[in-house]
1. Using amide H atoms built in the peptide plane, which far-off residues or other-chain residues are under 5 Å from Thr434 H to H?
2. Which whole-Hz ³J(HN,Hα) couplings does region 357-369 yield from phi under the Karplus relation 6.51 cos²θ - 1.76 cosθ + 1.60, θ = phi - 60°, glycine and proline marked x?
3. Write down the accessible area per residue of the chain in Å², having rolled a 1.4 Å probe over the full set of protein chains.
4. Leaving ligands, DNA and RNA out of it, rank Leu311, Leu26 by accessible area with a 1.4 Å probe, largest first.
5. Per-residue counts of other Cβ atoms within 10 Å, averaged by peptide: what ranking do you get for 85-97, 566-578, highest first?
6. Evaluate Rg over Rh across region 15-144, taking Cα atoms for both radii and Kirkwood's formula for Rh.
7. Against the empirical 2.2 N^0.38 Å scaling, what ratio does the C-alpha Rg of region 111-156 come to?
8. For region 291-367, build the convex hull from the C-alpha positions and give me its volume per residue in Å³.
Amino acid sequence: MDATTHPHGTPETHHHDEHGDEHHELGFWRKYVFSTDHKVIGIQYGISGLLFLFFGFCLMMMMRWQLAYPGQAMPVIGNALNHFFGTGSMPDGKMTPEFYNSLGAMHGTIMIFLGVVPLAFAAFGNFVVPLQIGAPDMTFPKVNAASYWAFVVGGIIMLVSFFVPGGAAKGGWTSYTPLGVIADTGPNFNPFFNGQTLWLLGFIFLITSSLLGAINFITTIIQLRAPGLTWMRLPFFVWAQFVTAFLLLLAFPPLEAAVVMQIMDRLASTSFFLPSGLVVNGAALQVSGGGSPLLWQHLFWFLGHPEVYVLILPGMGIVAEILANNSRKPLWGYKSLVFAALVLGFLSFIVWAHHMWLTGMGSAVSAFFQTTTLIISIPSVIILSAFFISLWGGSIRFTVPMLFATAFLPMFGIGGLTGIPLAFNSADLYLHDTYYVIAHFHYIVAPGTIFALFAGIYYWFPKATGRMMNDFWGKVHFWPSLICMNVIFLPMFLQGMLGMHRRWYDGGQGWNVSGEHIWGLTGFQWNTPISIAAWVMGLAQIPFIINFFHSIWKGRKVENDNPWDATTLEWTAPSPPGHGNFIKAPVAYRGPYEYSVPRHGKDYTMQNEPIEASELTTAHPTREPVLRA
């Protein structure tokens, strides 16, 4: 038993067996299903997020068939899909335009809101943040459980929408009005149980889940840090999650209000987003009118732009931990990284209208948003530059997490740099809604964020399970994924510059612009190699899936609690951590990245190692006195 004084003056006792009697009485359901333990909830979020990512990727692989071979029957599984998704989706194995639109809308929705956000923010945040700050759990364990189950309900509603009459939502992942209000209405649709309305209802649960999680993360990071763990001793991953939580907390409520208003427009005949005088299928639409379709775009993108930083910041945090650990040297420019992340978070709220250059905004407003969009690239460049400099002169170990983390750097760089032309409304007039935009943001979230997430899974897996994932199969997973990512998305820049539109269901075969040759193929012909690369990348995930589940039970057991020789506090806990996390409550005496400190017997010094007298002769920026109440 160990008693310590918390920075806020309350004596605390931790012992991972302290509540042993009470803890062991928990049955299977309370321990593994309706758990309030942050580690179990983190793992639940992680596995759920991976399953949704895989499902969303399968939807895209189906779309890639239609783009490469439009109007042709899908081999082997085409007819089965028609039975699975309902008649009218794939008659005779051929994809209908409506089903293609459903796949497009649901691919975007599932990958972002049911895949990357739960995995990057909720899973890694829940599992790693309390361990990294030396906390026994999250501040509000039951709110944490409620957050996960709201996410599950939202996910189930989204999945159910595929099987209602008329199929899933068809209004794009952004559900732009007026299409989002008038789609899936009429005599052939149930007024409530239709794809578009269920999409909105599911979204309410997903937003609520994120808000509950964000409140919990902010409170936990402020209140439950271990003694001595001052703000500038926090691992960069914790800072990234902290900023991400604020983005969700401030950006999601306006969208939740907008979603409720769009549901009202669909069900209660209001006209928040419907103007007067709309003509649909040759007949005037009978609505009260007076609403603004642009209002939806503003409310959506006010979330939508902070959302892309919600996707990327946790990835940057993961990459920071892995780069420092595998280059065996401190992160370069820790304080500039922290302030860059804070500035990134602030600026992300004042750039949203760059998604809306085609709406005819005035030159003063567009000048403002062009300027802020260019300025927001500066903190991103600071973070990326600090990561590259951190590698300089390091003793680099190319473990599997490090392969994914180093691949993240140039891939995120390509994604960021290609966004700069889109910041100018004059260039965007041509590039808007083309494959160029798809290539730009997929370089950020696919070989960017998703590679960072794979890196984090391979890195923290031994902490979660006490076993290592297989190194060889990790590399078999990495190399094809990296190559295919580039074969998929690089040609899309070319297609976009030819003018190919992102939502053409026939792959652009009937459009003059896609008939021009570039790099030996026409824009339309590029669809075939892109699709083949996408399917190969699907196959390349099989080694990961097998490796992941096999290693949970059969992986090589770790020899100690710190298999990567890391410095941060989570590696002082048992692997896997028990109830309450730490056998002895940790105290932080130093900064998070003390690798290769001179005159030390080993090349890493953990945060909970007291400072020795010999060290006090050397000034060190991250060594302040331990905080005692």
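1. Hits under the 5 Å cutoff: Arg502.
2. After applying 6.51 cos²θ - 1.76 cosθ + 1.60, I find 4, 7, 8, x, 5, x, 5, 5, 5, 5, 5, 4, 6 Hz.
3. On the way: 24850 Å² over 629 residues.
Per-residue accessible area for the chain comes out at 40 Å².
4. Details: Leu311 5, Leu26 65 Å².
Final ranking, largest accessible area leading: Leu26, Leu311.
5. Numbers: 85-97: 16.2, 566-578: 22.5.
The peptides rank, most packed first, as 566-578, 85-97.
6. Working: Rg = 21.0 Å, Rh = 17.4 Å.
In region 15-144, Rg relative to Rh is 1.20.
7. Values: Rg = 11.5 Å, N = 46, 2.2 N^0.38 = 9.4 Å.
Relative to the 2.2 N^0.38 Å estimate, region 111-156 comes out at 1.22.
8. Details: hull volume 8.0 nm³, N = 77.
Residue-normalised Cα hull volume stands at 104 Å³.
The values are calculated or read from the model by the stated rules, or taken from the named source; none is laboratory data. A quick note: this is a predicted structure, and the numbers were derived from the prediction, not measured. A quick note on method: Cβ atoms are made from the backbone with ideal geometry, for glycine too, and the neighbour counts reach across all protein chains shown. Only protein heavy atoms, including side chains, enter the accessible area calculation; ligands, DNA and RNA are left aside. Shrake-Rupley method; radii C 1.70, N 1.55, O 1.52, S 1.80 Å.
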